[in-house]
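One structure is given here, and the rest of the page talks about it.
Since every read-out is calculated from the coordinates, none of them should be taken as a lab result. Note that this is a predicted model, so its numbers are computed, not measured. No Cβ is skipped: glycine too gets one built from the backbone with ideal geometry, and neighbour counts run over all protein chains shown.
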Amino acid sequence: MNEKIDPVRKTDDEALELTRKLLNDAKYSSLAVNDLASDFPLVSRVAASFSKETGLFFAGSDLSLHSKCLVQDNKCSLMLGEPGKGDGLAYARITLVGTTVRMANGHEQRTKFRQVFLETHPKAGLYIDFGDFGFYPIQIERAYLNGGFGKAYHLDKDDLLALVG
């Protein structure tokens, strides 16, 4: 008989540690949003940052299409993980699914987010204080972790709470 094998492994300590590493190493991310004007998905590259205090977030300009799309529909996903030499699909990556709303420039936590962001992206000091730039904290609902070939995991909100606060 051909019994189907579930390729998704049970989330374990190895998966959680890999997720922690991907979050801590995050510098850039692929951001997916819903473009309601065209009725097609839109993917952009954004500068991301993570800390226990801030969770995962990215910076964006109000002038960008992805920021305009998020005003209309705040659902999004971010894919973290950079390929190295050889087959890029052999490297770990994680897709985090959730919602985001732009943090107001006068928000009391903006200074902390700015500090964390500049630690990750020091050259962003040239533009991060422009009025059209803001921070987008991600309220993560679930994640899909691919640790390389044969290492797939689904992480739920409870799995992620210990990692992102």
| Stretch S38-N24 to full length: gain in nm at 0.36 nm per residue minus the Cα-Cα span? | 1.6 nm
| task | Could you tell me which helices of the chain pass both thresholds, a Cα extent of 27 Å or more along their own axis and a mean Kyte-Doolittle hydropathy of at least 1.6, with helices taken as whole DSSP H runs? | result | none
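Could you tell me what fraction of 2.2 N^0.38 Å the Cα radius of gyration of segment 8-164 comes to, as a two-decimal ratio?
Its radius of gyration relative to the 2.2 N^0.38 Å reference: 1.04.
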| note | Projecting the Cα atoms of Q139, F113, L96 onto the charge dipole of the chain, where Lys and Arg contribute +1 and Asp and Glu -1 at Cβ, the residue farthest towards the positive end is F113
| task | May I ask you to evaluate 6.51 cos²θ - 1.76 cosθ + 1.60, the Karplus curve with θ = phi - 60°, for each residue of segment 144-150 and list the ³J(HN,Hα) values in order in whole Hz, giving x for glycine and proline? | result | 10, 9, 10, x, x, 4, x
| remark: Taking R45, R142, R93 and counting other beta carbon atoms within 10 angstrom, the fewest-first order is R45, R142, R93
| Cβ-based exposure ranking for K151, K10, in which fewest neighbours within 10 Å come first | K10, K151
| message | Can you tell me which lysines have their Cα less than 29 Å from the Cα of K52? Leave out same-chain residues fewer than eight positions away. | response | K10, K21, K27, K68, K75, K112, K123, K151, K157
| note | Scalar couplings 3J(HN,Hα) for segment 34-43 by Karplus 6.51 cos²θ - 1.76 cosθ + 1.60 (θ = phi - 60°), nearest whole Hz, x for Gly and Pro, are 8, 9, 5, 5, 9, 6, 10, x, 10, 10
